[in-house]
Amino acid sequence: MSSRRYSNSDIKEKLSSPNRDTCGLALCPLLHPSLNITNNFILKYDFNHSATIIDHIFIKKKTAKMIQNKCSSGIYPDSLKIAKWIVKQPSAVSFMGSVGKDEYTKILEDKCKTAGVTVKYQYQEKEPTGTCAVVVTKAGTCRSLVANLAAANLFTKSHIEIPENHALIEKAKFYYISGFFLTVSPETIVEVGKHACEKNKVFTMNLSAPFIVEFFKDPMMQAFPYIDILFGNETEAAKFGEVHNFGTSDLKEIAVKAAALPKQNKERSRTVIITQGADTVILCKDGKISEFTVTQLPAEKLIDTNGAGDAFVGGFLAQLIKGEEMDVCIKCGIWAATHIIQRSGCTMDPDVKYKE
């Protein structure tokens with residue numbers, strides 16, 4: 001299997017034009033507040049540290065007022081927001097998803113406009129905009145995602161078939177899709193993946209959560225042959241190895257085996273990237289393993305680990321769409337994640353710029 005460099009001169013020439021673009025289809029839009037909680041609160045609602053919980057009674061009954069007061073934290077997909085922050089180019093990032101017709105949608109639209117992200121929403125009459133509360137302990141090192149998908153769960157493939165929306169997909173050179181979208185519209189993922197394969201564009205995806213890997217294995221594997229670059233953290237990768245009977249818990253071996261799974265686009269091999277919090281980032285490219293050291297911060301600078309994974313992907317994508325090599329992409333991802341965890345929520349300092 002051949003491996004085409006992402007930074008070949010032909011791609012770089014195209015990406016240097018004012019019209020370069022990337023299209024993201026991640027988990028449909030969710031208002032994404034960050035809420036500080038106590039350990040007693042975690043016990044009361046039976047949260048597991050660093051878990052992802054869907055449709056928990058907490059989010060439906062307890063967060064409405066808290067969300068109104070603390071909605072400044074972020075939006076899904078934060079990865080695209082981070083990429084746009086680094087790229088600093090008009091119309092560099094587009095996003096589609098499903099929302100309700102309510103005040104939360106207005107917040108999402110305002111935030112996307114501020115971030116410079118182009119959005120094409122599919123509006124739902126009967127369901128509210130989805131919410132995903134990030135409940136964080138005071139130390140900021142343990143957090144759970146508690147989601148009520150609501151309208152986000154109603155996205156349909158017909159939305160990407162609307163001419164003006166399909167034009168964005170045609171225009172894009174790169175695609176990023178969250179694994180969470182497998183719970184919503186796997187047929188949309190496959191459709192975009194096929195387009196990317198046929199046009200030799202770069203299709204990237206995130207494992208997103210262990211439960212996605214375990215309980216949505218079949219739709220994931222329908223999309224998997226189209227994945228050029230796969231992201232995941234150590235927990236998600238370990239679960240992937242377990243679910244697919246790789247017979248190893250070694251993350252490097254899991255990365256190699258995942259990269260070697262059947263792939264449609266033979267023009268490039270699959271790249272697998274596994275983050276491990278403060279430990280090294282594992283890269284499997286062309287079947288070979290590399291590791292990248294993560295910036296270590298003193299405890300007093302660690303504010304909130306929420307958004308670290310999304311920030312890494314955003315930093316990576318920001319360099320990928322510029323045609324940079326993998327090591328440059330990963331180093332930018334590490335830089336972005338390091339910046340985010342020193343702030344509350346997935347928020348960026350507008351005055352900070354990435355220096356290569």
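Considering the stretch 88-137 alone, what residues qualify as being among the β-branched types (Val, Ile, Thr), outside any loop (DSSP other than H, G, I, E, B) and buried (at least 22 other Cβ atoms within 10 Å of the Cβ)? Walk me through it before giving the result.
Quick first cut of the stretch 88-137, residues among the β-branched types (Val, Ile, Thr) only: 93, 99, 105, 107, 114, 117-119, 129, 131, 134-137.
Now restrict to residues that are outside any loop (DSSP other than H, G, I, E, B): 93, 99, 105, 107, 114, 118-119, 131, 134-137.
Once the filter is applied, which keeps residues that are among the β-branched types (Val, Ile, Thr), outside any loop (DSSP other than H, G, I, E, B) and buried (at least 22 other Cβ atoms within 10 Å of the Cβ), the stretch 88-137 yields 93, 99, 131, 134, 135, 136.
For the stretch 168-201, give me each residue that is among the aliphatic types (A, V, I, L, M), within 19 Å of residue 320 (Cα to Cα) and under 15 Å from the mean Cα position of the chain (by Cα).
Filtering the stretch 168-201 for residues among the aliphatic types (A, V, I, L, M) gives 168-169, 172, 177, 182, 184, 189-190, 192, 196.
Applying the additional criterion that residues be within 19 Å of residue 320 (Cα to Cα) yields 168-169, 172, 177, 192, 196.
Matches in the stretch 168-201: 177 only.
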The lone exception for residue 271 - which of (1) farther than 18 Å from residue 179 by Cα; (2) touching a strand residue (DSSP E or B) at 6+ places or on another chain (Cβ under 6 Å); (3) hydroxyl-bearing (Ser, Thr, Tyr) it fails
(1)
May I ask you to say which residue of 198, 170, 187 is of a type in the set (D, E, K, R) and touching a helix residue (DSSP H, G or I) at 6+ places or on another chain (Cβ under 6 Å)?
187
Output the residue which, of all residues in the stretch 299-345 that are part of a helix (DSSP H, G or I) and among the acidic types (Asp, Glu), is farthest from residue 270 (Cα to Cα).
300
Can you name every one of the strands (runs of 3 or more DSSP E) wholly within the stretch 150-244 that holds 1 or more residues which are at pLDDT 95 or above?
202-206, 229-233
Could you list, in sequence order, the residues of the stretch 238-271 that are touching a Ser or Thr at 6+ places or on another chain (Cβ under 9 Å) and either in contact (Cβ under 8 Å) with a residue 60 or more places away in the chain or closer than 17 Å to residue 212 by Cβ (or both)?
238, 241, 242, 254, 263, 266, 267, 268, 269
Is there a residue in the stretch 265-273 that is acidic (Asp, Glu), under 28 Å from residue 185 (Cβ atoms) and buried (at least 17 other Cβ atoms within 10 Å of the Cβ)?
no
With respect to residue 283, is the statement that it is at pLDDT 90 or above and buried (at least 22 other Cβ atoms within 10 Å of the Cβ) true?
no
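The values are calculated or read from the model by the stated rules, or taken from the named source; none is laboratory data. Quick caveat: nothing in here was measured; it's all calculated off a predicted structure. Glycine also receives a Cβ, built like all others from the backbone with ideal geometry; neighbour counts cover every protein chain displayed.
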